DNA sequence: CGCTATCTTTACAAATTCCTTATAACTTTT
DNA sequence: AAAAGTTATAAGGAATTTGTAAAGATAGCG
C-alpha cells in the first residue's frame, strides 16, 4: 500500500479548503486544491486524482457542471459538498453524476468515512488500468477528449447522443445491456421507459458503423432483453 | 421492457417497508422485502438483487453485520437507513461496507436519486474486460452478464424464458423442483397452475441442450412431482 | 429571421417469442 | 391388460417486440 490516493478538493472558500486539505493530508492522502470547476479540469489533466471532493456553489464553473464534464471522461468517485440541504439540489447533484452528497456542516470523521467508502468501491471495481483518454476495443477507437470515433480505420461522424450510446457500448463490450440500463445511462434516470428512443438511435448507429446494417455484426440484439455489443476481433 | 433492477429492502418496520416498496416499485424497480438480516441473506441466495437498502436497527441480525456478511460474498451497492444522525454510527456503517448512509426522515426523491447513483456506479464498474459473473456446474457454463450459455463447450442460443428456466435449474442443481416452484420462479406467482407452459419449455430446452432429447440426461422427469436437474460430472 | 443539425414522436411492416391446442406416449393404479 | 392421469412433441396463431422511415419539435447560429 505504497501509493497514496490522490484527492482533488474543489472549493472557492479558502478557509474550508484549508480545513479539508489538512484533514485529508493528516490521514495519508495526497491532496490538491482548485478554486473552481475550470481550474479543476485543468488540474485533472496534469494530475489525475483518484477522487474529487467539490463544493456546489462556485464562480466560473459550478459543481453540477463539473460533475457532468468529469463523467464524460472518467468514472472516478465524486463527493459533493453543500450547505443546502434541499432535496431537489441533492437529486440534481446525484443525477449529474455525483456519487455522494454531504451537507455542510459535516464532521471530518464522516467525510473521511465516505471518502474511504468511495475509494474502496473504486478499488474493488478497478480492473481497468490508468484512466486513459482513449478507448480501444476491437475495430473501434474513441478519443474521449476530442470525441472522435473511428471504426476499421475510418473516421465516423456521430451526433452527441449517438456518441454517448456508442461509448457506453464500447465500455461494456460483450455484456448484455438491457433497454433500461442503456436508457438510464444515455438519457438519464427519468427516461428508462422510452424504448422508442433506443430503437431509433441503435438504428442510426448501425447505419453509421455497420458494414451491412441489415445484418449487424457489432450491435447485436437480444430479443426481449436488450442489446449486446461485440467490438470485433 | 423486461429486466428491471432488483432491490432488496431490509427493514423490520412494516410501515416503512411498505412505503419503500411502493415508492421503489412505482419507479420501475423489482422489489422484495426482508424483515431482518438473516432472512435477507436467505433471499439473497434465491433472488440475487442489484442493490440492498437496509435499516440499521433490527432483530436477529442488524444492518452492520448484514453489511459485513454481504461484503464477503458480493460487491453490490448497499444503502443504509437510520434514524441516528450521530457521526460515529455513520462512520461505522460506511466502514462495515455500506456505500451510502441516509438519515431518517428522508425524502423519497432523495432516496431514489441515491439509488440511481449507486446503480449507475455499479453499472459503470461492470466494465468490459472485468471478469464477469459466471455460473458453472458440470457440463454447463453460464455467463450471467453476457447471457451466454455453453454446454460441453458448445454455445447455445436460448430465448429469455428458456434462459431463465435453465438458470434456475443450474442454481438448484440436484434438487427435485416441483412444477409449482418452477412456474413460480420463472413465470411468477400467478402462473403456478400452468403446467402446460412448463412442459413445453422443458421440451424446447431439452432439444437445445440434450445430446439425445428423447432420452434426457440433464433435465430428468420426476413423475407426479416435477423435474430434477443433473448438470453432469 | 430563417437555416441547419439534432432530438423526439409517430406509424407501420417485419421478426421473434410466447401461448394455445391437439395428439401421441408414457406411468401408475385397478 | 385397461383405465386414468400425467408427460412429450409438434405446429399454428396471438401478442409483443424490433426495425425503419419520415414527419414534427427544438435549439443553436449566422
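The values are calculated or read from the model by the stated rules, or taken from the named source; none is laboratory data. Remember, predicted model here, so these are calculated numbers, not experimental data. Here the Cβ is made from the backbone with ideal geometry for all residues, glycine too, and neighbour counts use every protein chain on show.
Annotations
- Qualifying residue in segment B:140-152 (condition: outside any loop (DSSP other than H, G, I, E, B), within 15 Å of DNA strand D (Cβ to nearest atom) and buried (at least 20 other Cβ atoms within 10 Å of the Cβ)): no
- Scanning segment B:161-212 for residues that are more than 13 Å from DNA strand C (Cβ to nearest atom), over 22 Å from the mean Cα position of the chain (by Cα) and buried (at least 16 other Cβ atoms within 10 Å of the Cβ) yields a total of 2.
- Qualifying residue in segment B:134-142 (condition: at pLDDT below 90 and either under 30 Å from residue A:87 (Cβ atoms) or more than 14 Å from every other protein chain (Cβ to nearest Cβ) (or both)): no
- Among the residues of this structure, residue B:194 counts as one that is touching a helix residue (DSSP H, G or I) at 6+ places or on another chain (Cβ under 8 Å) and without any contact (Cβ under 8 Å) to a residue 12 or more places away in the chain.
- When each of A:206, A:171 is tested for being at the interface with chain B (Cβ under 10 Å from one of its Cβ atoms) and closer than 22 Å to residue B:146 by Cα, the lone residue that passes is A:171.
- Yes/no for residue B:117 being in a loop (DSSP other than H, G, I, E, B), away from DNA strand D (no atom under 14 Å from the Cβ) and within 30 Å of residue A:78 (Cβ to Cβ): no
- From the options A:221, A:178, residue that is free of Cβ contacts under 8 Å to residues at least 40 places away in the same chain and either within 12 Å of chain B (Cβ to nearest Cβ) or in contact with a strand residue (DSSP E or B) (Cβ under 9 Å, 6 or more places away or on another chain) (or both): A:221
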